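Every number in this text was worked out from the coordinates using simple rules, so none of it is lab data. Nothing here was measured: the structure is a model prediction, and the numbers come from that model. As a convention, Cβ positions derive from the backbone with ideal geometry for all residues, glycine included, and neighbour counts pool all protein chains shown.
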Amino acid sequence: MPAFVWLAPPSSWDQPGLLFVLLALAVISDVTEITMPNGLSFDAALELALFALILMGPLPAVLVAVLPLAIGGLIRREKIIRHGNLANIAAFGWEAIAGAALLSAAGVSAATLGLAALPWLLLVGVVMFVTQMSIGPALYAPLYLGHPWSTGVRVLADTAPATIVMLTLAGIAAVVYPLLGVLALALFALVAVVPQTALFLAARTRPVAALEPLPATRRYAYALALHLGLDRTERRHLLRVTELAFDRRADAGDPIAYARQTLRDPSRASWEAGHVGEWWNGGGGPAGLRGAVTPITSRIVAVADTWSALTAKGGPELSHAEALVELENAAGTRFDPRVVQACFAVVAEERVSETEPAPVPRLHALRVPAPLRRALAAS
């Protein structure tokens, strides 16, 4: 803080509306940050601080970086005055000083923004990023947490590609700000903050135990179908098979009941619903079909129905881990092993935790790469 008072150039406070919007976006970004499996978090804080530094100066940039720590900590009921946050505050202060010094040396200010300034803005962002990593994780992780010094290099390497893309977007938004005003910031938020918030909201969990068995079976069947590569038409067909099979659960495996239902409804969905009671080893009914001779939809519904019975409302309401043990024990005898393995893939991409051991499958439906779904699940 003394260094900031001594070294930082003066700031401009003639745009309180802009500062309020930046602070609001920074808080939203912090609250909805995505924690990756390596422990790093992803949000737009650095980019918003860069935007504030360019247009208003170093102290607003520090406020944009620091205020979310306090508000986000209160929302998450965290201890705010702690070593990690003090390290962050030091990093934010030094990054603002370094960025302001480079802007001053390059002769770039809010009054001289233009396309020619964009490379300088990107360089300022990179300098701020490196400074933040050097003052924050690169010192805090080895000296306080006991991690090796090489951790800092790995952190830089892991986060650099996404950070450079985000910094470029922030620089472009700052360049067009004199022309578009707050709309430029809105465009940046649309690209950076809104998708992050949407992913955060999509990743919120709900217990399967809150669902009735049929909706739970439908959710499981659909998730399994995606992991097994069924196309959209087959997935719609699968849902019909699920509903018909659920209606006929009392008659599952009964050859006479199966024959009657087939005569009443000779459709493909009806035929496949009638074979949900078949076993992988041929020991089920109504026809004693073995292995892959049983339609894939029938095999999926058989697993999804049992999974639902173990975890949904009205059953033992097991955790996913406990249910997977039961399903795996029946793989190769009652269930198709490939479908059971797909259950493990579904759970690996969901936010299973001690407080929510059996969440409703949701992340599989996000049209994002599987590594990102796994990262969301681990956050």
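What ranking of D336, D14 emerges when the number of other C-beta atoms within 10 Å of each C-beta is taken as an exposure proxy, fewest first? Can you show the working numbers first?
Details: D336 23, D14 7.
By the 10 Å Cβ count, ascending: D14, D336.
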Among W13, W280, which comes first, second and so on when ranked by fewest other beta-carbon atoms within 10 Å?
W13, W280
For D231 and S134, extending 7 Å from Cα along the Cα-Cβ vector and measuring point to point gives, in nm, a value of 5.6 nm
Long-range amide H partners of F335 with built H, under 5 Å:
W280
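Treating only the Cβ of Lys, Arg, Asp and Glu as charged (+1, +1, -1, -1), what charge dipole size does the stretch 2-202 show about its Cα centre? Round to the nearest 20 debye. Walk me through the numbers on the way to the answer.
Numbers: 5 positive and 8 negative charges, 59 e Å.
Charge dipole of the stretch 2-202: 280 debye, to the nearest 20.
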Full-extension gain between W13 and R82, please, as 0.36 nm times their residue separation minus the C-alpha to C-alpha distance.
21.9 nm
At a Förster distance of 35 Å, what's the computed FRET efficiency of E354 paired with A101, Cβ-Cβ distance as r, to 0.05?
0.15
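For A162 and V31, compute 0.36 nm times the residue count separating them, minus their Cα-Cα distance, and round to one decimal in nm.
Values: separation 131, 0.36 × 131 = 47.16 nm, distance 1.92 nm.
Gain on stretching A162 to V31: 45.2 nm.
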The distance between the Cα centres of the stretch 102-147 and the stretch 266-322, in whole Å, is 57 Å
Need one number: nm distance between label points at F344 and V5, each 7 Å from Cα along Cα→Cβ, rounded to one decimal.
6.0 nm
Can you bin the stretch 58-195 into rounded, prolate or oblate? Criterion: square roots of the alpha carbon gyration tensor eigenvalues sorted a ≥ b ≥ c, rounded for a/c under 1.5, prolate for a/b above b/c, oblate for the rest.
prolate
Give me I135, I75, I81 ranked fewest to most by other Cβ atoms within 10 Å of their Cβ, as a rough exposure proxy.
I81, I75, I135
Once phi is turned into ³J(HN,Hα) by the Karplus curve 6.51 cos²θ - 1.76 cosθ + 1.60 with θ = phi - 60°, what whole-Hz value does each residue of the stretch 91-98 show in order, with x for glycine and proline?
5, 5, x, 5, 5, 5, 5, 5
